[in-house]
Every structure is written in structure tokens, then in C-alpha cells.
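Notes to accompany the following structure.
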């Protein structure tokens, strides 16, 4: 893999596009092949379910999941046995009984996710890393079949609700380092011909580079944009402030960060289309997405969502609380009563203009990170790549003190080597340029009132 990355890094743009397209073809077959289209059809059929039908569906799927987890996942067999549960208990389990089961903590997923949290009956699969919005990335296991099901959910409830589909030309601003160096030259995008996708760098956005990003949108006649909410907003803001004219798009699909009204309004003005927000996570144990009526709805066939207060009790409609997720799609690494680390506010009025009987959300909270401004004026978010595959790292936080001075707060287990510090310094400098980096080892990183902390803090105005 390292040799391939070095080849990519040292290749001209045209070869990089071909390498990305080959990689894109692999993922297209993996995500959109097999039973993908059949699952899309099933998700669409279930959209018309009544509340009673949803309850019946979730109860049936929950029992299957719990029996499977108890019988084939060592972590759950041990924990549930210790809490007095056996195989027969799960055969008649009700949704309300979930409260009797212990939470699955994020630290437990980090610790056991590659070992005892995997089903002994799993098929061949791959681990995907999260964006690490709560400090350090976690790894989620997916077989090809599970990824096709999740991709079908995204197609039916995100793209299709926004009036677009996977066959259309799209632009993506995400976390992949398509331009490995901070001082890279234009173009600031690469092409994935296999999926009609143009991938834009999230780490080279500035007023000066905006015209090149816009060129990528125009020349490739993109139908819609997807990706990080903040990065898409920054691009739209730079386009507007520079007095540039963007083409009309069909939609902008945002995720990963909190979408504010200002961000939404700016993108809708610049691209002359509607913005659709969504929330999930690499763990894929629940999907919240926005429909054409502007309603944020939770898809009950992707998981069971509990929204609880500090004492673990269900909050009332109209109140905000912590999300506890039980995924119903991935039986190979089941996540049951998983504390995903985010909060939502349930709508007081659960009636929908769309007529769909899905839980309605007013607001997705707790996904805000600061924007880091590099010395050359580039603005960026999402620094999870600094912490991927760093041994013994439990939690980390990046703090930008000045344009040239950064601190990385870390919580570690079993010691931490200079080599690991140097690797994180190298990764940061490749992203923001030559800067000073200090490490601050802590017992615990302070959290805010809702139990979360900002993974990225910038003290630069």
C-alpha cells in the first residue's frame, strides 16, 4: 500500500486520475453491485409503512440481531450472560426491553472492535475508519453485502430524497488526501471516471483557490455536490465573495458537521438549489436525512434510535438528548445500544408534511469543530487523519494556538513513543505547512456540558 501511495504522490495528474478511477471502480463494484438495486427497492417500499408496521419490523429485526449477537459475538455473549440474559430471552424481546441492556461505549468499540466485537460467523470484509469527530477514529467492519445494504439506504433516503441518484455527475469534498502536500499546485481536484465523480481537496480551500474549484465544477458539468458541510460552505462563501458565478446545481448534500442556517442560505444562493442535510457515521447504525419538505427524519429500518437524558431516560418530544443507536443492518459487527457521542432534538410535533411515519428531528447537535486557517490563508476542517493507526492513542485533540503554533492534546495507554509523535507532526505539517507542534499528555481531555469535546480548536480569529 505504501508503494502505491508513493507512486500516486509522484505521478502526473493524468496518472493520478487513472489510479483514482481504478480505485473508484473497485469501490463501485463493492458498494453498488450485487444486491444493491434490490435493496434500494426494499427501502423505498418500506417508506410507506405505518407506525404499527415499523414497530413490527423493528421488533422482528431486533430479535434476530440479539440472538445472532449472543450466539456468535463473544463480547455480547459474555456481557449479556453477566447481566442474566440467555438465548431464550431474546426470542421474545421487545423494543422497550433495550433499556435493560448495558450501553456499548465508544472506547469499547475502539478496544474490541477488531476482535471480540466481531461475529465468528462473519464473511470476508474490510475495516473502515471514522472521521473521528469525538477525538480519535474508530474502525467499523463491513462485508461487501453489508456495504451494499448501507449504500442502498443512502441512495433511497439521501440522494433520491434530494432528487438525485448515483448515476449523476457529482462533486465530493471529503477527507481523502488527494493532494498529499500542503503547498500543492492546481488543479485542486482529481477525477474518478468510474463513478462520474470529481473529488475536491478539503485542505486547499482559500479565496485564491476558489476559481480553480469552480472550474472543476463547470468543466465537468456536475449535477450536485456532496461532502463536509463546512468545506462546501467555505467554497460557496469564497465563490460569492470573489464575485464568481457558479452554475445551477440540482442539490447540495451535506454531512459530518453541524449545518447552520447561514451555511445553508449561502450555498443555496450560490448554487441556486436546495441543500439537504444528513447524519450517519461510519458505524452505520442509524440514518437521519432531509426530505423535500425540509423534514429531518430517522430511518427506522437502519436502526433503533433512543434519545436519552443524563440519567438514561427517554426525553420528551421537543427536548434534546444523547443518541443511543442499535444498528439493524450490520450483523458482522453488531452495535447494540451504542453511545455514538452525538445529540439530537426531537420534534415536539411528530406529524410530517410528507406523510411518512418516521421519527422527526428538529436539530442534530454536537457536530461542530473549529475551522483552522493556515499561514497561506487556506481554511480546513477534519483532522482525523492525524490519528489513524497510532498505537496506544485513546483520545486526541488538535489546538491551533497561532498561525504557526499547534498543540496536540493526547490521552494514551501503555506509553507513547517519539516515533509516534514524529508521525503525527509529519501528518499535520503535510496538511497545514511548516509549523511548530507541541504535545500535551493528559489523563483526560475536558468536555463541555453535553459530554463532548471539540476535536479541533482554533484560537486564531
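Where a number appears in this text, it was derived from the coordinates with a stated rule and is not lab data. The model shown is predicted, which means the values in this text are computed figures rather than measured ones. Note: ideal-geometry Cβ built from the backbone for every residue, glycine included; neighbour counts use all protein chains shown.
Taking the longest Cα principal axis of the chain as reference, the axis of helix 144-154 is set at about 80 degrees.
If you restrict to DSSP beta bridges whose two residues both lie in the range 144-223, what percentage is antiparallel, to the nearest 5? Write out the running numbers ahead of the final one.
Values: 4 of 9 bridges.
Percent antiparallel among DSSP bridges in the range 144-223 is about 45.
Per-residue Cβ neighbour counts within 10 Å put 423, 295, 96, 311 in the sequence 311, 96, 423, 295, beginning with the fewest. Please find the FRET efficiency linking residue 67 to residue 392, where r is the Cβ-Cβ separation and R0 is fixed at 35 Å, and quote it to the nearest 0.05. It comes out at approximately 0.45. The structure-derived value of log10 I(q)/I(0) by the Debye sum over Cα atoms at q = 0.09, 0.10 Å⁻¹ appears in the list (1) -0.52, -0.65; (2) -0.85, -0.94; (3) -0.61, -0.76 under the label (3). A Förster radius of 41 Å, combined with the Cβ-Cβ distance separating residue 100 from residue 293, puts the computed FRET efficiency at roughly 0.65.
For the chain, the longest principal axis of the C-alpha atoms and the axis of helix 418-432 are separated by about 60°.
Counting other C-beta atoms within 10 Å, which of 399, 432 has the fewest, and how do the rest follow?
Working: 399 18, 432 24.
Ordered from fewest to most neighbouring Cβ atoms within 10 Å, 399, 432 come out as 399, 432.
Compared with the dominant principal axis of the Cα atoms in the chain, helix 261-271 is inclined by about 60°. The antiparallel fraction among DSSP beta bridges confined to the range 383-458 stands at about 45%. The range 383-458 has equivalent-ellipsoid semi-axes of 19, 17, 10 Å, by the square roots of 5 times the alpha carbon gyration tensor eigenvalues, sorted largest first.
Rounded to the nearest 0.05, what FRET efficiency do residue 375 and residue 87 have when you use their Cβ-Cβ distance and R0 = 51 Å?
Working: r = 60 Å, r/R0 = 1.18.
It comes to 0.25.
Over the range 1-367, what is the mean sequence separation of C-alpha contacts under 8 Å (at least six apart), divided by residue count, expressed as relative contact order in percent? Let's see the in-between values first.
Values: 681 pairs, mean separation 64.0, N = 367.
It comes to 17 percent, rounded to a whole number.
Panel order for 91, 42, by other beta carbons found within 10 Å of each beta carbon, from fewest to most: 91, 42.
How much of the DSSP bridge set in the chain is antiparallel, in percent, rounded to the nearest 5? Write out the running numbers ahead of the final one.
Working: 43 of 70 bridges.
Bridges in the chain that DSSP calls antiparallel: roughly 60 percent.
The protection proxy used here, the mean number of other Cβ atoms lying within 10 Å of each residue, ranks peptides 102-110, 276-284 as follows, highest first: 276-284, 102-110.
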